[in-house]
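The values are calculated or read from the model by the stated rules, or taken from the named source; none is laboratory data. Please read these numbers as outputs of a predicted model, since none were measured by experiment. Cβ placement follows ideal geometry from the backbone for every residue including glycine, while neighbour counts extend to all protein chains displayed. Areas reflect the complete protein model, heavy atoms only, side chains present, ligands, DNA and RNA absent. Shrake-Rupley method; radii C 1.70, N 1.55, O 1.52, S 1.80 Å.
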Amino acid sequence: MASSASLQRFLPPYPHAAASRCRPPGVRARPVQSSTVSAPSSSTPAADEAVSAERLEPRVEQREGRYWVLKEKYRTGLNPQEKVKLGKEPMSLFMEGGIKELAKMPMEEIEADKLSKEDIDVRLKWLGLFHRRKHQYGRFMMRLKLPNGVTTSEQTRYLASVIEAYGKEGCADVTTRQNWQIRGVTLPDVPAILDGLNAVGLTSLQSGMDNVRNPVGNPLAGIDPDEIVDTRSYTNLLSSYITSNFQGNPTITNLPRKWNVCVIGSHDLYEHPHINDLAYMPAVKGGKFGFNLLVGGFISPKRWEEALPLDAWVPGDNIIPVCKAVLEAYRDLGTRGNRQKTRMMWLIDELGMEAFRSEVEKRMPNGVLERAAPDDLIDKKWQRRDYLGVHPQKQEGMSYVGLHVAVGRVQAADMFELARLADEYGSGELRLTVEQNIVIPNVKNEKVEALLAEPLLQKFSPQPSLLLKGLVACTGNQFCGQAIIETKQRALLVTSQVEKLVSVPRAVRMHWTGCPNSCGQVQVADIGFMGCLTKDSAGKIVEAADIFVGGRVGSDSHLAGAYKKSVPCDELAPIVADILVERFGAVRREREEDEE
């Protein structure tokens with residue numbers, strides 16, 4: 001069981017708040033024998049060879065007893081983001097109150113100063129703030145930390161009040177990491193918003209750029225009759241360590257690139273372990289519950305790889321030391337040149353898995369990392385369950401209700417209503433999922449019928465169509481400056497067009513991403529669409545998409561491959577219909593009509 005006391009040894013040596021509310025989880029270990037979940041990587045890590053002592057010298061050092069910076073000898077060939085970090089410590093905007101001064105500056109004054117301009121475009125991402133320079137100049141998206149996707153009605157109302165104040169400029173999204181993002185934020189309001197977040201038990205710290213992203217867990221944790229382990233305690237501990245209990249943790253804020261972590265709690269693998277840099281897979285060793293570890297999974301514009309076994313096991317009551325050790329090995333040894341080659345798997349490739357494991361082991365408290373348990377507790381024959389709709393909880397007389405949120409977009413009024421429903425019908429809690437949906441837990445069975453009759457559930461349906469229920473879309477170029485195409489409305493439009501052409505026998509997961517960064521995770525989808533531009537038949541430049549097919553989630557997970565490149569968006573529907581017929585058992589509508 002996870003222990004909040006064990007966390008304290010791994011936090012920075014300066015005052016911080018008491019550990020967040022973490023309760024030991026219950027473990028339900030199914031007697032299933034199966035091999036550790038890992039699909040073959042499309043690029044096998046380099047064979048282990050002797051790695052020179054010079055290569056294993058840490059490339060960073062601590063300054064001022066707090067911040068970590070690159071050593072002088074490693075400051076050649078750096079990417080632009082690394083140069084920004086050298087120019088000014090990003091965490092100082094929070095830890096030294098720099099955000100308060102920055103928020104007082106007019107945008108004209110900010111633009112005239114190089115460091116201040118870098119602050120709003122780059123360094124504020126360490127505070128979870130993303131300037132929408134291209135499409136919403138002077139406004140920011142704010143990304144939160146929401147471990148395990150658990151949010152309270154109070155938190156939801158507060159976020160709704162923030163975006164409501166921005167009128168049509170304000171809205172929110174459920175993200176593919178079980179998280180909230182709010183939009184429309186203006187810089188002068190940021191200090192007060194940060195204080196408001198803290199008052200309701202939220203933080204946006206370290207949620208962007210070269211930091212650890214939101215810890216993902218089972219959205220049904222603690223209520224699922226078939227769960228292996230309640231992941232909430234573990235993800236709370238990880239989040240507390242990552243941000244040092246909302247105070248900022250500069251020991252891990254200068255990573256070579258972003259880094260993802262998840263804790264697996266069910267056979268369904270809702271958490272997508274194969275695309276995380278570190279995944280905790282439940283496993284028993286020597287009669288003790290713990291986790292086998294997978295490392296290195298990631299998606300990027302030019303390469304995507306599935307996580308591989310580290311050949312390591314950690315007891316369940318001691319998960320933080322290995323997280324810290326992996327992060328420090330990556331921080332110390334990762335390269336900082338081409339941003340497309342700085343994710344952790346590139347380091348694993350360079351060193352070889354055993355050498356990388358050795359570096360992690362060196363950074364463990366006692367210099368020891370146990371070898372993996374022979375088997376994990378995941379049932380590889382398990383059929384992934386649908387959490388949308390009404391389902392019985394492990395608690396007698398209670399149900400959870402999964403709501404479909406079309407492409408994750410919500411308005412302030414929606415959030416206020418969701419908070420009301422959580423209070424009136426549940427326990428004042430909502431669960432976000434990586435498919436951008438929302439679960440209301442702890443609904444008494446006698447209240448289910450009334451909940452289903454609520455007007456909001458006409459918009460956020462518990463029973464969406466088979467093609468809508470698996471639909472995911474990133475922000476797209478409505479707000480994101482990197483997106484090449486509009487995604488959210490386009491995803492809904494193309495899905496509607498396809499539904500007029502074919503009927504499908506089962507849900508098909510379709511993911512949209514506006515650019516090669518793949519925030520929409522198209523490589524894990526049955527059918528994925530990655531935004532690009534192309535010329536149509538008239539020679540005009542139009543929005544288009546590369547189509548990916550064949551991604552799978554669950555115990556037989558693997559990543560999708562490219563199917564067809566540069567298809568104009570207006571021509572997608574018939575091609576998608578063909579794919580659904582050829583590969584997913586769909587039936588054409590005209591054939592249905594002929595049979596009738």
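Some notes on this structure:
- Scanning segment 168-183 for residues that are small (Gly, Ala, Ser) and crowded, with 24+ Cβ neighbours inside 10 Å turns up just one, ALA172.
- Residue that is surrounded by the fewest Cβ atoms within 10 Å (Cβ to Cβ) [pool: residues in segment 319-363 that are among the basic types (Lys, Arg) and outside any loop (DSSP other than H, G, I, E, B)]: LYS362
- With respect to being surrounded by fewer than 24 Cβ atoms within 10 Å (Cβ to Cβ) and among the aromatic types (Phe, Trp, Tyr), PHE289 fits the description.
- The set of residues in segment 48-95 being charged (D, E, K, R), over 18 Å from GLU350 (Cα atoms) and within 28 Å of the chain's Cα centre (by Cα) consists of ARG66, GLU82, LYS83, LYS85, LYS88, GLU89.
- Selection within segment 512-527 - assigned to a strand (DSSP E or B) and either open to solvent by 10 Å² or more (accessible area, probe 1.4 Å) or under 18 Å from VAL581 (Cβ atoms) (or both): ILE527
- Residue check for ARG177: over 23 Å from LEU93 (Cα atoms) and basic (Lys, Arg): yes
- Subset of segment 145-167 (residues that are part of a helix (DSSP H, G or I), open to solvent by 20 Å² or more (accessible area, probe 1.4 Å) and without any contact (Cβ under 8 Å) to a residue 60 or more places away in the chain): TYR158, GLY167
- Here ASN245 clears all of (1) farther than 28 Å from LYS394 by Cβ; (2) surrounded by 23 or more Cβ atoms within 10 Å (Cβ to Cβ) except the condition numbered (2).
- The residues of segment 461-508 that are open to solvent by 10 Å² or more (accessible area, probe 1.4 Å), closer than 17 Å to ASP570 by Cα and at pLDDT 90 or above, listed by number, are ARG490, LEU493, GLN497, GLU499, LYS500, LEU501.
- Scan segment 528-552 for residues that are farther than 18 Å from ALA577 by Cβ and touching a residue at least 60 places away in the same chain (Cβ under 8 Å) and the total you get is 0.
- When the residues of segment 168-219 are filtered to those that are β-branched (Val, Ile, Thr) and part of a strand (DSSP E or B), the one that is farthest from CYS519 (Cα to Cα) is THR186.
- The strands (runs of 3 or more DSSP E) found wholly in segment 400-476 include none carrying at least 1 residues that are under 22 Å from the mean Cα position of the chain (by Cα) and without any contact (Cβ under 8 Å) to a residue 24 or more places away in the chain.
- Put simply, of GLY222, GLY149, GLY184 the only residue that is more than 30 Å from GLY334 (Cα to Cα) and out of contact with any Gly (no Cβ under 7 Å at 6 or more places or on another chain) is GLY222.
- Qualifying residue in segment 298-305 (condition: open to solvent by less than 10 Å² (accessible area, probe 1.4 Å), assigned by the TED database to the domain that holds ASN211, assigned to a loop (DSSP other than H, G, I, E, B) and touching a strand residue (DSSP E or B) at 6+ places or on another chain (Cβ under 7 Å)): no
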